[in-house]
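The values are calculated or read from the model by the stated rules, or taken from the named source; none is laboratory data. Keep in mind the model is a prediction, meaning the values are calculated, not measured. When we count neighbours, we look across all protein chains shown, and the Cβ atoms used for this are built from the backbone with ideal geometry, even at glycine.
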Amino acid sequence: MTILITGASGNIGRQVVQQLSSRGAAVRALVRDPSKAEFPEGVEVVQGDLLDVEALRRAMAGVSTLFLLNGVVPDEFTQALITLNLARDAGVERVVYLSVIHSDRYLNVPHFAGKFGVERMLEQMGFGATILRPAYFMQNDLTIKDVVLGHGVYPMPVGSKGLAMIDTRDIAEIAALELMRRDASAPLPLQRMNLVGPDTLTGADVAEAWSAVLGRPVVYGGDDTAGFEKNLQNFMPGWMAYDMRLMSERFLSDGMNPEAGDVERLVALLGRPLRTYRDFAAELSASA
């Protein structure tokens with residue numbers, strides 16, 4: 001039985017491929033440019049993207065389980081629906097979908113609303129699916145490490161409600177375990193799973209973690225979402241920067257908090273503790 005990974009060359013997708021390969025799964029990776037793909041031996045690489053219908057048809061042939069991961073792009077929702085329809089046409093019944101926590105609450109945030117729409121389609125199309133809903137990725141903070149290390153400021157406007165930040169390595173391992181669980185059985189009922197880290201952190205908490213790691217003061221830069229959008233415009237399209245601003249405003253008003261039992265369920269699934277933000281900061285500092 002073959003598991004198809006979309007978004008296979010990205011940060012999470014690449015790790016999911018590695019996790020599955022290390023467990024002996026038959027993996028097919030969908031990538032735009034196979035010449036740049038570096039996967040473990042035995043991984044089948046297929047060229048294409050989520051708007052290339054014929055390439056997707058070829059990629060779906062003989063697939064038992066689909067990992068649907070698509071990036072934050074203007075046509076994200078269209079990409080997902082095309083992929084799900086083609087999966088159904090090919091007889092794929094099992095899906096693990098990477099959504100986002102509170103997709104049903106942050107409905108004014110474009111990429112959250114799109115992901116919630118995909119969740120609804122998975123339900124209505126009758127897939128046996130696990131919908132993974134991760135909170136804020138710790139690795140988002142790779143983009144601001146120079147500000148923290150060089151200026152002693154944590155600049156992400158994450159607010160005071162708290163975000164249950166999770167390491168992408170934990171996300172990838174959980175996704176791989178779910179893919180293998182679904183692939184090994186008849187289609188199982190749809191379920192949603194919040195993916196959270198062990199701690200729910202405010203902006204001040206994150207600054208304190210960095211202070212402890214670096215041995216010098218790091219302060220929280222505050223809740224300036226307009227300034228955040230302006231800074232993002234230096235390296236991403238304006239529509240995406242605005243999308244990220246809307247998300248950060250919901251951080252301030254709502255936070256990203258786990259539900260009762262989320263952490264314990266993930267620890268039991270992994271058989272080990274979840275990675276902490278302080279450990280992530282220490283690794284990032286050591287590699288700088």
Review point. Among 96, 158, 148, which is the only one that is at pLDDT 95 or above, within 27 Å of residue 200 (Cα to Cα), among the β-branched types (Val, Ile, Thr) and out of contact with any strand residue (DSSP E or B) (no Cβ under 6 Å at 6 or more places or on another chain)?
Key: 158
Point to revise | Of residues in region 38-73 being under 20 Å from the mean Cα position of the chain (by Cα) and among the aliphatic types (A, V, I, L, M), the one nearest to residue 179 (Cα to Cα) | key: 66
Point to revise | region 112-130, subset small (Gly, Ala, Ser) and in contact (Cβ under 8 Å) with a residue 24 or more places away in the chain, residue farthest from residue 240 (Cα to Cα) | key: 128
Review point. Cβ-Cβ below 7 Å, separation at least six or inter-chain, first residue in region 169-190 and free of Cβ contacts under 8 Å to residues at least 24 places away in the same chain, second surrounded by fewer than 18 Cβ atoms within 10 Å (Cβ to Cβ) and part of a loop (DSSP other than H, G, I, E, B): which pairs?
Key: none
Practice item. Identify all residues within region 137-156 that are surrounded by 23 or more Cβ atoms within 10 Å (Cβ to Cβ) and outside any helix (DSSP H, G or I); write none if there are none. Key: 154
Revision key, fill the gap. Scanning region 103-136 for residues that are part of a helix (DSSP H, G or I) and among the aliphatic types (A, V, I, L, M), the one surrounded by the most Cβ atoms within 10 Å (Cβ to Cβ) turns out to be 118
Review point. Can you name the condition, by its number, that residue 100 falls short on among (1) within 15 Å of residue 132 (Cβ to Cβ); (2) hydrophobic (A, V, I, L, M, F, W, C); (3) touching a Gly at 6+ places or on another chain (Cβ under 8 Å)?
Key: (3)
Review point. Has region 47-59 got at least one residue that is buried (at least 21 other Cβ atoms within 10 Å of the Cβ), in a helix (DSSP H, G or I) and of a type in the set (A, V, I, L, M)?
Key: yes
